[in-house]
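Asks: I'd like to ask some things about the structure below.
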Amino acid sequence: MVLKVLVADDISMLGLQKLDVLANTEVVIRVGMTESELLEEVKDADALLVRSQTQVTAAVLDAARRLRVVGRAGVGVDNIDVAHATKKGVIVVNAPDGNTIAAAEHTFALLMSVARYIPLAHRSVMAGEWKRKNFIGVELLGKTLGIIGMGRIGTEVALRARAFKMKILGYDPFLTEERAAELGIVKTDLETSIRQADFLTVHTPLTKDTRHLINSEAFASMKKGVRIVNCARGGIIDEVALCAALEEGKVAAAALDVFENEPLPADSPLKEAPNLILTPHLGASTVEAQEQVAISVAEEVAHILADEP
Ligand code: NAD
Ligand code: MLT
């Protein structure tokens, strides 16, 4: 029997070639399927490969008669019903390391952008203006950076912030004093990070504990003029509360790469909020990261299809 690997999102060919060369394996690329097309295509799939776009719901898993593995080319598995997959004996594998640097560097690009309003200044110049006084930024030197979530990406952001001579506060339930000292940062609680930060960046998964972790109450306790970045998951920052905080000037500028609803709805109030910079979930979008996650997840899937440990 020929094994079918269904590819539902854009995944680098370098990874897919690893599956294509396997004996008795057919790689079927169907990017951008509707839900009903996915339900039909997945019926006879042995493996399903996705990024963050395709929602692998209980209905999708139930429609699949032969599915053995769902491969996620990236970190977050929040678009996959992992509990239901486990119940059905379907293994879920991800590629946790391949896009760490890409996401950390994008976070830094956004931190620099909220410090210096770069995209907003670009838009102004393109509109024929020359308003230098409107874009007076701040320096990173000596400022306090609060990092919520000191895992792979949070750690890489901290290392880069040290080069900019920032004071770094890290909050993560698993961060030890020893590790913090090793990284040259200060381990704090959540409230202290939020209260003392001049710049705040979140790097946690989206869970029931982190949904709206940064809400109106958190904004109220922040310094006036704080700058905020979310390159982790939409929903960690309450978007309605963020818009209000930007409107009243409590937050001087913010940058979001991820959103409560993706793609961002055309009528989203985020588009009207002042000093808000938006990118369309680009954290992992580098040539290097996409190759690495594709290769890593393809190798995992190949092992599982070959019944290897
Ligand atoms: P990771 O698992 O290495 O780190 C996550 C950290 O968050 C862990 O150390 C964990 O202890 C901590 N954490 C969990 N709950 C917390 C809480 N309530 N408060 C504080 N800390 C908490 O993951 P990672 O690889 O660093 O990825 C971080 C996030 O970035 C994930 O949500 C991932 O999906 C996202 N991500 C986004 C992009 C993008 O394209 N924008 C790219 C890669 C990863
Ligand atoms: C991830 O969790 O890996 C990122 O959101 C990147 C992606 O989905 O491509």
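Nothing in this text is a laboratory measurement; each read-out follows from the coordinates by a stated rule. Worth saying up front: this structure is predicted, and the values here are computed from it rather than measured. As a convention, Cβ positions derive from the backbone with ideal geometry for all residues, glycine included, and neighbour counts pool all protein chains shown.
Asks: Would you mind estimating how fast the range 1-55 diffuses translationally, via Stokes-Einstein at 25 °C and 0.890 mPa s with the Kirkwood radius over Cα pairs, in µm²/s?
Replies: Calculated translational D: 215 µm²/s.
Asks: Can you check what the net charge comes to around residue 305, using other residues whose Cβ is under 12 Å from the Cβ of residue 305 (Lys, Arg +1; Asp, Glu -1)?
Replies: The answer is -2.
Asks: Taking the chain as the reference, fit the longest principal axis to its C-alpha atoms, fit the long axis of helix 287-305 to the helix C-alpha atoms, and give the angle between the two in degrees, 0 to 90, nearest 10.
Replies: The angle comes out at about 30 degrees.
Asks: Just to confirm my numbers, what's the Cα centroid distance between the range 83-107 and the range 26-66 in Å?
Replies: 17 Å
Asks: Would you kindly state how much longer the chain becomes between residue 248 and residue 112 on full extension, computed as 0.36 nm times their sequence separation minus their alpha carbon distance, in nm to one decimal?
Replies: Contour length minus the Cα-Cα distance gives 46.7 nm.
Asks: I would also like to ask the following. In the range 236-309, with Lys and Arg counted as +1 and Asp and Glu as -1 at Cβ, which of these residues, 283, 273, 256, has the Cα nearest the positive end of the dipole, that is, farthest along it?
Replies: Checking the options against the dipole of the range 236-309, the answer is 273.
Asks: Right, another one. Nearest 20 debye, what's the magnitude of the dipole of the range 32-175 about its Cα centre given +1 on Lys and Arg Cβ and -1 on Asp and Glu Cβ?
Replies: Dipole of the range 32-175, to the nearest 20 debye: 840 debye.
Asks: Under the rule a/c < 1.5 gives rounded, and otherwise a/b versus b/c splits prolate from oblate, where does the range 90-172 land using the Cα gyration tensor? If you can, show how the numbers build up before the last one.
Replies: On the way: a/c = 3.60, a/b = 1.64, b/c = 2.19.
Here the range 90-172 falls in the oblate category.
Asks: I would also like to ask the following. Could you give the semi-axes, largest first, of the ellipsoid that matches the chain, computed as the square roots of 5 times the alpha carbon gyration tensor eigenvalues and rounded to whole Å? Spell out each step's value before the answer.
Replies: Working: eigenvalues 291, 91, 64 Å².
Equivalent ellipsoid semi-axes, largest first: 38, 21, 18 Å.
Asks: Something else: Return the calculated 222 nm mean residue ellipticity for the chain, to the nearest 500 deg cm²/dmol, obtained by summing -39500 (n - 2.57) across DSSP H runs with n ≥ 4 and dividing by the residue count.
Replies: Here the helix-only value at 222 nm equals -10500 deg cm²/dmol.
Asks: Also: Can you list the HN-Hα couplings for the range 154-162, worked out from phi with the Karplus curve (6.51, -1.76, 1.60; θ = phi - 60°), rounded to whole Hz and with x for Gly and Pro?
Replies: Using θ = phi - 60°, the values come out as x, 5, 5, 5, 4, 4, 6, 5, 4 Hz.
Asks: Quick one: dipole size for the range 189-309, taken about the Cα centre, charges +1 on Lys/Arg Cβ and -1 on Asp/Glu Cβ, in debye to the nearest 20.
Replies: 680 debye
Asks: Right, next: For the cross-link pairs 143/271; 4/208; 223/271; 167/271; 43/88; 88/208, which exceed 26 Å when the distance is taken from alpha carbon to alpha carbon?
Replies: Exceeds cut-off: 143/271; 4/208; 167/271.
Asks: At what distance in nm do the modelled label points of residue 59 and residue 135 sit from each other, each positioned 7 Å from its Cα along Cα→Cβ?
Replies: Between residue 59 and residue 135, the label points sit 4.6 nm apart.
Asks: How compact and how long is the range 1-115, expressed as Rg and Dmax of its alpha-carbon atoms in Å?
Replies: Rg and Dmax of the range 1-115, Cα atoms, are 15.6, 57 Å.
Asks: Would you work out the charge dipole size for the chain about its Cα centre, treating the Cβ of every Lys and Arg as +1 and the Cβ of every Asp and Glu as -1, and quote it to the nearest 20 debye?
Replies: Taking the Cα centre of the chain as origin, the dipole is about 1140 debye.
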